[in-house]
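Here's the structure, in structure tokens; my notes come after.
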Amino acid sequence: MSEHGAGGQPTVFIDGEAGTTGLGIRERLEREGRVALRSIPHESRKDVSVKRTLLQEVDLVVLCLPDEAAKETVALADTLPGGGPRILDASTAHRVDPAWIYGFAELEQAQADAIRRARRVANPGCYPTGAIALLRPLVEAGLLPADHPVSINAVSGYSGGGKSMIEAYESGRGEPFLLYGLGFTHKHLPETQAYAGLSRRPIFIPSVGNFRQGMLVSVPLFLDTLPGAPRVADLKAVLTAYYAGQDLVRVIPADGTERIEPEALNDTDRLELRVYGHDTFRQAVLVARLDNLGKGASGAAVQNIGLMLGLD
């Protein structure tokens, strides 16, 4: 049985609150003041019995852990009466598990309600958030075949690379620009393919720039290879209709601009989508901009916490 906090507030335990995502979630929740936060004393954080007791006392636990540790905590919760507390997992461990709900509230019309009802929710990855937001509406509308060869390029601030990368950059040892994932097995690929609705595995090559946070995800398209030979305006119309009425995901006019930088949405939880293109050349580039620590991580988690606890 969970114990509500002062004033009947729901209680939340962040397992792994010292990491970048955990800290971001905690700071947002403390600022909003809608939940009571519970923690394990540092000296007891590896004591399974202490964790078991806390899991029985809270309404929701947020996992900001490596995949294997996240699975262990879920297994522990499953042994508790009623399956333990509701769980939001920020790791990649359960993102394509059919028993879990994918925590991208704008994925489709019914997704927010599915998150509200779910006992187990997987928070999306930062790169997939941008790629899925761009691709899924086009696949569902039939403008982009599910088996179309798709390439996804992305650049993120170094804060998305974890403790060692953050330390390297903040000590002046980080590279100005770095391509990675060149083994074609990046951990975000399964969820990107699954929730974008792609039957063909996309090529995904991410990169890191020498800035702390911010992200651009881009998808180039040859319009004359798509069914019905759509125009640039057709792509934009589909995206605009898909996200009509959404607060955090917006389709923004490109307005003839030929440059976009990744940091404009830092410290927000917004996601901006743009369609750049040239009908004469029959080419387009879809671009998503977000804060990799906001809508790409902690911001999405707090949005899901609000949905799961009925605070939205």
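The values are calculated or read from the model by the stated rules, or taken from the named source; none is laboratory data. No experiment lies behind these values; they were computed from the predicted model shown. Neighbour counts run over all protein chains shown; Cβ positions are idealised from the backbone, glycine included. When the accessible area is computed, the model is the full protein with side chains, heavy atoms only, and any ligands, DNA or RNA have been set aside. Shrake-Rupley method; radii C 1.70, N 1.55, O 1.52, S 1.80 Å.
Just one of the listed residues (ALA233, ALA241, ALA237, ALA254) is farther than 29 Å from THR21 by Cα and at pLDDT below 95, and it is ALA254. Only a single item in (1) assigned to a helix (DSSP H, G or I); (2) open to solvent by 40 Å² or more (accessible area, probe 1.4 Å); (3) in contact with a helix residue (DSSP H, G or I) (Cβ under 8 Å, 6 or more places away or on another chain); (4) within 19 Å of GLY160 (Cα to Cα) is not met by VAL50, and it is number (4).
Filter region 12-47 down to the residues that are part of a helix (DSSP H, G or I) and among the polar types (S, T, N, Q), then identify the one that is surrounded by the most Cβ atoms within 10 Å (Cβ to Cβ).
Looking only at region 12-47, we keep the residues that are part of a helix (DSSP H, G or I), and these are 20-32, 42-44.
Restricting the remaining residues to those that are among the polar types (S, T, N, Q) gives 20-21, 44.
On the way: THR20: 19, THR21: 27, SER44: 13.
Residue satisfying both the conditions and the ranking: THR21.
Yes/no matrix, rows are residues, columns are (1) farther than 30 Å from ARG119 by Cα; (2) of a type in the set (A, V, I, L, M):
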site: ASP224; (1), (2): yes, no
site: TYR243; (1), (2): no, no
site: GLY256; (1), (2): yes, no
site: HIS278; (1), (2): yes, no
site: MET308; (1), (2): no, yes
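Residues in region 70-89 that are open to solvent by less than 30 Å² (accessible area, probe 1.4 Å) and either part of a helix (DSSP H, G or I) or closer than 24 Å to GLY24 by Cα (or both): ALA70, THR73, VAL74, LEU76, ALA77, GLY83, PRO85, ILE87, LEU88, ASP89. Would a scan of region 280-292 turn up a residue that is within 20 Å of ALA112 (Cα to Cα) and either among the aliphatic types (A, V, I, L, M) or in contact with a His (Cβ under 6 Å, 6 or more places away or on another chain) (or both)? Within region 280-292 (the criterion being within 20 Å of ALA112 (Cα to Cα) and either among the aliphatic types (A, V, I, L, M) or in contact with a His (Cβ under 6 Å, 6 or more places away or on another chain) (or both)), the answer is yes, since at least one residue qualifies.
Checking the stated criteria, ARG282 turns out to be open to solvent by 10 Å² or more (accessible area, probe 1.4 Å), charged (D, E, K, R) and touching a residue at least 60 places away in the same chain (Cβ under 8 Å).
Being open to solvent by 50 Å² or more (accessible area, probe 1.4 Å), more than 19 Å from the chain's Cα centre (by Cα) and not basic (Lys, Arg) is not true of VAL232.
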